[in-house]
Amino acid sequence: WTEIHDFGEEVRSVRVAPSDPSTLYVATKAGYWDDARMWLSTDSGFSWTEISPNGTLTGGHAWRGFDITVDGQQPQILWTSIAGTHQGNNVMRSDNGGSSWTDISDNLPNTEVQDIVHHIGTDGGVYIGTSGAVYYRNNSMTEWMSYSNGFPQAYSRTLQVWYNGGKLFNATTG
């Protein structure tokens, strides 16, 4: 392994844009109660720019990011989740590589979003796993819909799209 950058903090999430492997997104955090930070590199990790959503964008909540997912076709479109059980500001979307963010939490309940995954080949389809359910939304939808049919009501830890089988897997605890 070769270190490409020392952020000076724990690296919590790394995502490589599927359509442009030189575009990398990283979430870091110094400690459990510290704000997380998000970083972008468009040159394979040689230089980094901080793109963290600020408190104004997150409804005054600290950004304690859990996960990042990147669009399969457009490397500047990404989504991130914000930890915590507050109304709104749990899921953010950027269409410009993190220069600006939009809250797309809309009708989500007060729940902690643990995982987020983009379904490549859809119109911006994104699944989120929460502390009790799975939800789905795409670009044609104005609200999230429950996608929990067949899943246990449990703490979602990892979502994985199985493209060949046409299924969504949900690793849970609890």
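Tabulated values for the structure
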item	result
Single residue of segment 97-111 satisfying the filter (of a type in the set (Val, Ile, Thr) and assigned to a loop (DSSP other than H, G, I, E, B)) that is nearest to residue 70 (Cα to Cα)	104
Failed item in (1) within 23 Å of residue 144 (Cβ to Cβ); (2) small (Gly, Ala, Ser); (3) modelled with pLDDT of 90 or more, with residue 99 passing the rest	(1)
For residue 99: the one exception among (1) under 13 Å from the mean Cα position of the chain (by Cα); (2) in contact (Cβ under 8 Å) with a residue 40 or more places away in the chain; (3) closer than 21 Å to residue 39 by Cβ	(1)
Residue within segment 139-161 that is of a type in the set (Asp, Glu), open to solvent by 30 Å² or more (accessible area, probe 1.4 Å) and in a strand (DSSP E or B) present	no
Filter result for the condition that a residue is more than 24 Å from residue 15 (Cα to Cα) and not acidic (Asp, Glu), over 107, 170, 96, 139	107
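Residues checked against (1) surrounded by fewer than 23 Cβ atoms within 10 Å (Cβ to Cβ); (2) modelled with pLDDT of 70 or more; (3) in contact with a helix residue (DSSP H, G or I) (Cβ under 9 Å, 6 or more places away or on another chain):
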position	(1), (2), (3)
52	yes, yes, no
60	yes, no, no
66	yes, no, no
74	yes, yes, no
90	no, yes, no
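The values are calculated or read from the model by the stated rules, or taken from the named source; none is laboratory data. Just so you know, these numbers come straight off a predicted model, no measurement behind them. Please note: Cβ atoms are built from the backbone with ideal geometry, for glycine as well, and neighbour counts cover all protein chains shown. Side chains are part of the model used for accessible areas, which takes the heavy atoms of the whole protein and leaves out ligands, DNA and RNA. Shrake-Rupley method; radii C 1.70, N 1.55, O 1.52, S 1.80 Å.
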